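Notes follow the structure.
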Amino acid sequence: MIDRYCLKEMKDIFNEEHKFNNFLLIEKAVVEAYVNLNVIPESDFKKIEQNSHVDIKRILELEEITKHDVIAFTRSISEQLGDEKKWVHYSLTSSDVVDSAQSLTLHEANEYLIQDMNVLLNTLKKKALLYKNTPIMGRTHGIHAEVTSFGLKWALWYDELKRDLNRFIEERKNVEVIKLSGAVGNYANIPMEVEEFVAKKFNLPYSTISTQVLSRDRHTSFVFSLAQIASTLEKIATEIRHLSRSEIKEVEEFFASGQKGSSAMPHKRNPIGCENICGLARVMKSYVQIAFENNTLWHERDISHSSAERIMLPDAISLLHFMLKRMNKICEQLVVYEDKMLSNIHLTYDVVFSGRVLQCLIDHNFSREEAYDLIQPIAFEAMNTKTSFLSLLLSNAVINNALSEKEIKECFDLSYYLKNVDKIYRRLGW
């Protein structure tokens, strides 16, 4: 991931030195497991524990010769030891170390994503409560529909992200897994107890069955969960972008002092943060296809998934970390124009209350078809002639015979559309 979209904590987790440090943690844990099984002398384990360390420079030098990063790693460790070096990588194949170490890395990184999502959830809930009774024009097909609550938008996003979080929590369990089953996954050269010991040491599960690698269906579902979170962020960002349009301008991204919007047009204040989120979501969703392709390997394993995964997993996780933090900042600082929301409700001469009038006529013994056909031309006339819908209703003989003036005017009461917001919030547990 390029520096622009990768924050320090993820750089530290996914750098080469940290990767090899996790390799070493797995190697040492395996030796310790063999000590526990009375196969390796404890004195040799202590020497390995005390004297081995990651030397990135030496690993890279050896990789130039071996063309194999794991062999370069194990040889660099062996150079630091005496006779006890024979126990380094004992009974293991490369993927035992790579997959298990990657599980440690993913466990660390995923903790940050959990924190990020919880922070954003708190922000969404706070805004939902703040704007619970703020009326806004609801739109379907991009067209004015009926009045709703601005708070309900935030509540919906909260509910969706909550599902994303729950899905992610389940899927992370499938990739944070220890795998130490040997060259083809049949434990011929390594006791199953070694895998169980190492898994317990790191408080992670072990794979019930594997080939030379963990099955990549695990990673497919995991990456999908990341892309789903990104899709939710894109959904929030898209709504903010639409509501920021000049013709609507009900919200606006915070614009800092000294910030510029356009090199040519000094008046511009563009929703660049949300546009950034939408663009990055496209990248995130593209990784799902790669994750699916990685699941199909030859026989007990080939290496076709490796190169793609070295890019995909660090990039996807780092990118989502960045997106979550940026989305939270956008939401926290969002400028809201409640007066413009109110004026937009009345922008189309109050025809948005036609559904309420329709319902009222039905309640007064009109058929739905009769009521609809009566109201529709009146609503169209209001828009075409830029005339108040209410005034046209009050001057219509059929309407006046059916409804009193008080009943007609009550159809234009904004509070009617917010009457069940509290009940919806209670469903969310608020």
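So, in the stretch 260-281, exactly how many residues are under 22 Å from A227 (Cα atoms) and of a type in the set (K, R)?
So the count comes out to 0.
Just one of Y372, Y417, Y425 is in contact with a strand residue (DSSP E or B) (Cβ under 7 Å, 6 or more places away or on another chain) and assigned to a helix (DSSP H, G or I); which is it? Talk me through it step by step, then tell me what you get.
Numbers: Y372 fails: in contact with a strand residue (DSSP E or B) (Cβ under 7 Å, 6 or more places away or on another chain); Y425 fails: in contact with a strand residue (DSSP E or B) (Cβ under 7 Å, 6 or more places away or on another chain).
None of the other options fit; the residue is Y417.
State the number of residues belonging to the stretch 375-414 that are in a loop (DSSP other than H, G, I, E, B) and polar (S, T, N, Q). Reasoning before the result, please.
Applying the first criterion (in a loop (DSSP other than H, G, I, E, B)) to the stretch 375-414 yields 386-388, 395-396, 403-404, 411-413.
Checking which are polar (S, T, N, Q) leaves us with 387-388, 395-396, 404.
Looking only at that region, the number is 5.
In the set L113, L120, L165, L152, which member is more than 21 Å from A230 (Cβ to Cβ) and of a type outside the set (S, T, Y)?
L152
Go through (1) over 30 Å from I229 (Cβ atoms); (2) crowded, with 18+ Cβ neighbours inside 10 Å one by one and return the number of the condition K125 breaks.
Failed condition: (1).
How many residues does the stretch 353-370 contain that are of a type in the set (F, W, Y) and under 46 Å from the mean Cα position of the chain (by Cα)?
Keep residues of the stretch 353-370 that are of a type in the set (F, W, Y), which gives 353, 366.
Applying the additional criterion that residues be under 46 Å from the mean Cα position of the chain (by Cα) yields 353.
Result for the stretch 353-370: 1.
Regarding the stretch 250-267, can at least one residue be identified that is open to solvent by less than 30 Å² (accessible area, probe 1.4 Å), within 26 Å of C6 (Cβ to Cβ) and either outside any loop (DSSP other than H, G, I, E, B) or aromatic (F, W, Y) (or both)?
no
Any idea how many residues of the stretch 113-137 are touching a residue at least 60 places away in the same chain (Cβ under 8 Å) and over 12 Å from the mean Cα position of the chain (by Cα)?
As a first pass, look at the stretch 113-137 and keep what is touching a residue at least 60 places away in the same chain (Cβ under 8 Å): 113, 116-117, 119-120, 123-125, 127-129, 131-137.
Those still in the list that are over 12 Å from the mean Cα position of the chain (by Cα) too: 119, 123-125, 127-129, 131-137.
So the answer is 14.
Collect the residues in the stretch 203-222 that are open to solvent by 30 Å² or more (accessible area, probe 1.4 Å) and of a type in the set (D, E, K, R), keeping them in residue-number order.
Residues of the stretch 203-222 open to solvent by 30 Å² or more (accessible area, probe 1.4 Å): 203, 205-206, 208-209, 211-212, 215, 217-218, 221.
Scanning the stretch 203-222 gives D217, R218.
Give the residues of the stretch 223-249 that are farther than 23 Å from D315 by Cβ, in contact with a helix residue (DSSP H, G or I) (Cβ under 6 Å, 6 or more places away or on another chain) and either open to solvent by 20 Å² or more (accessible area, probe 1.4 Å) or not in a helix (DSSP H, G or I) (or both), sorted by residue number. Outline the logic, then answer.
Applying the first criterion (farther than 23 Å from D315 by Cβ) to the stretch 223-249 yields 239-249.
Filter again for in contact with a helix residue (DSSP H, G or I) (Cβ under 6 Å, 6 or more places away or on another chain), leaving 240-241, 249.
Hits for the stretch 223-249 are R241, K249.
What are the residues in the stretch 32-57 that are assigned to a helix (DSSP H, G or I) and open to solvent by 70 Å² or more (accessible area, probe 1.4 Å), if any? If you could, list the steps in order and put the result at the bottom.
Let us first name the residues in the stretch 32-57 that are assigned to a helix (DSSP H, G or I), namely 32-36, 42-51, 56-57.
N36, E42, K46, K47, E49, Q50, N51, K57 - these are the residues of the stretch 32-57 that are assigned to a helix (DSSP H, G or I) and open to solvent by 70 Å² or more (accessible area, probe 1.4 Å).
When N401 is evaluated against the numbered criteria (1) of a type outside the set (D, E); (2) more than 30 Å from A101 (Cβ to Cβ); (3) open to solvent by less than 80 Å² (accessible area, probe 1.4 Å), which criterion, by number, is the only one it fails?
Every condition holds for N401 apart from (3).
For (1) modelled with pLDDT of 95 or more; (2) surrounded by 19 or more Cβ atoms within 10 Å (Cβ to Cβ); (3) closer than 30 Å to N189 by Cα, each residue gets a yes or a no:
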| position | (1), (2), (3) |
| --- | --- |
| D83 | yes, no, yes |
| K86 | yes, no, yes |
| H141 | yes, no, no |
| D164 | yes, yes, no |
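If you go through the stretch 184-199 one residue at a time, do you hit one that is open to solvent by 50 Å² or more (accessible area, probe 1.4 Å), within 24 Å of the chain's Cα centre (by Cα) and modelled with pLDDT of 95 or more?
No, there is no match, as no residue in the stretch 184-199 is open to solvent by 50 Å² or more (accessible area, probe 1.4 Å), within 24 Å of the chain's Cα centre (by Cα) and modelled with pLDDT of 95 or more.
The values are calculated or read from the model by the stated rules, or taken from the named source; none is laboratory data. Note that the structure is a prediction, hence the values are computed from the model and not measured. As a convention, Cβ positions derive from the backbone with ideal geometry for all residues, glycine included, and neighbour counts pool all protein chains shown. Areas reflect the complete protein model, heavy atoms only, side chains present, ligands, DNA and RNA absent. Shrake-Rupley method; radii C 1.70, N 1.55, O 1.52, S 1.80 Å.
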